[in-house]
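J.: Please read through the structure below; I'll follow up with questions.
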Amino acid sequence: QAARTGKGFGLIALSLGLGMTLLTGTLAFIWPTLIGWFIFRNASAYDQLTTLQEVLLKLMASNAMTRDFRVVEANQTLRSFADEYILTDRQNPMPYYAATNGRYRGLVKIEDLHFVERSRWDTETLETIVRPLSEIPTVEEKTPLVEVINSLEELNIKRVSVLSPAETVAGVIDRGDIVRAVARKLNLAIPPAAIQRIKAEGVYPPGFQLVEIAKTLSSVTNT
């Protein structure tokens, strides 16, 4: 309501100032014009901020997560894993989760392969480097998206794993997924190429102040 009132006053002052400037041909009314524009612009920004805050409070991890991950056999050798997945997925790397008999063992991080000598890759399995789900950053499907945003920033990670009530991997969320979920809720069309760029770079687009807003909302809800 305050934003709408501010926009109304701003438009009135802007119209009057501009009209009198055109009628009189002088700059005496330029200040009311500028003040009117300032009020309108800031009221619009406040309105947009309020809308974005409301959207973030309504979204949960389940609204943003994707199934863009692979489940691999935990008992396969490191050599087999490297040959089958790493080389073929180099253009579009995905997170990997190791499982045995339908039970998740944990996350497989590509960089952990470097801690094992290549001469042992033919005998060592993924069990050697897998990181248990209890030891990696995770959220639940019902976790508020605000908390997900804050976790990514506080832990300085590219993505976070989403667990189901059964403690299995339900999905993953990165910054591109968050932007897409927010844009969808706001009925904004963002090109897939832009989302992929956010995913690859791991940063939000300029002017999209999700981090600042999420921190503010988190501090308010925790007080």
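All of the numbers you see were taken from the coordinates with simple rules; none came from a lab. Just so we're clear, the structure is a prediction, and the values are computed from it rather than from any experiment. Neighbour counts run over all protein chains shown; Cβ positions are idealised from the backbone, glycine included.
J.: Rank by packing, highest mean first: peptides 95-107, 183-195, with packing defined as the count of other Cβ atoms within 10 Å averaged across residues.
T.: Going from most to least packed, we get 95-107, 183-195.
J.: Give the cross-link partners of LYS215 among the lysines, using a straight C-alpha distance below 24 Å as the criterion and excluding same-chain residues fewer than 8 apart.
T.: List returned: LYS58, LYS142, LYS158, LYS185, LYS199.
J.: Right, here's the next one. How do 198-205, 115-122 rank on mean C-beta neighbours within 10 Å, highest first?
T.: Ranked by mean Cβ neighbours within 10 Å, highest first: 198-205, 115-122.
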